[in-house]
Amino acid sequence: LHLLVMRWLDGPSAEELIVRGSGAWAGELAASWLRTAASMRVELGPVFGQGSVLNDVRRSLRAIDEHDGELGREARVLAHTISADPPLESDPIVSNGSFRAEHVLDLGDRPALIDWDAFRRAPAGLDAGMFLAGLSFLAQERPKTTDQAEAARAEFRDGLTGVVHDRALAWYRATALLRLAKFRPGERRWRARATALIAEARGLLG
């Protein structure tokens with residue numbers, strides 16, 4: 001029948017919390033999920049390593065290059081730097097694959113996570129880097145959230161002490177920023193947003 005039945009998860013997303021002015025709590029929720037994921041031993045799901053991450057980056061680069069050659073060249077130079085110096089790969093943990101603020105829910109006493117279409121196992125840095133990159137994307141799309149997105153970022157990073165090393169986090173965050181910079185048809189501010197995300201990724205590796 002092609003039906004999916006699931007329990008309804010009733011609670012605001014971390015993105016909604018940020019918009020409402022509760023950025024720090026949004027960051028703590030996301031960090032608590034990753035801490036729990038890192039503590040579990042799960043052997044199910046394909047392993048998504050650095051090679052797979054770089055393949056995703058290359059797909060994003062092609063989309064950028066097709067619509068803006070100058071920006072595409074900048075992104076390719078940065079991608080070359082990223083691929084030439086990856087961090088040590090840590091043991092994989094259960095990974096959502098699309099770990100962004102709109103997918104983290106506040107159930108009151110615990111977080112929940114939706115959008116598991118890319119379920120996999122990957123180093124903790126993959127989801128951590130995507131969450132941080134997603135906050136930057138959100139701040140670009142909704143500038144009024146910038147302060148609360150920063151509060152979420154600070155709380156999230158504090159909550160990951162001992163879970164993800166700083167260098168690995170910077171590397172995965174930079175790759176996620178490049179992935180989110182890809183061209184999306186119909187976005188009026190695409191170039192400005194992509195330029196800002198690429199510049200942020202460059203700063204992480206400087």
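A compact table of results
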read-out: Residues that are buried (at least 23 other Cβ atoms within 10 Å of the Cβ) and assigned to a helix (DSSP H, G or I), drawn from segment 138-170; value: 148, 149, 152, 156
read-out: Boolean, residue 121 is in a helix (DSSP H, G or I), open to solvent by 10 Å² or more (accessible area, probe 1.4 Å) and among the charged types (D, E, K, R); value: no
read-out: Segment 36-65 residues that are more than 30 Å from residue 185 (Cα to Cα), paired with ones that are aromatic (Phe, Trp, Tyr) and open to solvent by 40 Å² or more (accessible area, probe 1.4 Å) (beta carbon under 7 Å, 6 or more apart); value: 45/119
read-out: Single residue of segment 77-104 satisfying the filter (at pLDDT 95 or above and charged (D, E, K, R)) that is nearest to the chain's Cα centre (by Cα); value: 100
read-out: Segment 72-102: number of residues that are basic (Lys, Arg) and free of Cβ contacts under 8 Å to residues at least 24 places away in the same chain; value: 2
read-out: Subset of segment 183-196 (residues that are in a loop (DSSP other than H, G, I, E, B) and touching a Phe, Trp or Tyr at 6+ places or on another chain (Cβ under 9 Å)); value: 183, 184
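Here's the yes/no breakdown for (1) in contact with a strand residue (DSSP E or B) (Cβ under 6 Å, 6 or more places away or on another chain); (2) within 22 Å of residue 170 (Cβ to Cβ):
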| residue | (1), (2) |
| --- | --- |
| 78 | no, yes |
| 89 | no, yes |
| 97 | yes, yes |
| 106 | no, no |
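The values are calculated or read from the model by the stated rules, or taken from the named source; none is laboratory data. Nothing here was measured: the structure is a model prediction, and the numbers come from that model. Heads up, the Cβs are rebuilt from the backbone with ideal geometry, glycines too, and the neighbour counts pull from every protein chain shown. Please note that ligands, DNA and RNA were not included when accessible areas were found on the heavy atoms of the full protein model with its side chains. Shrake-Rupley method; radii C 1.70, N 1.55, O 1.52, S 1.80 Å.
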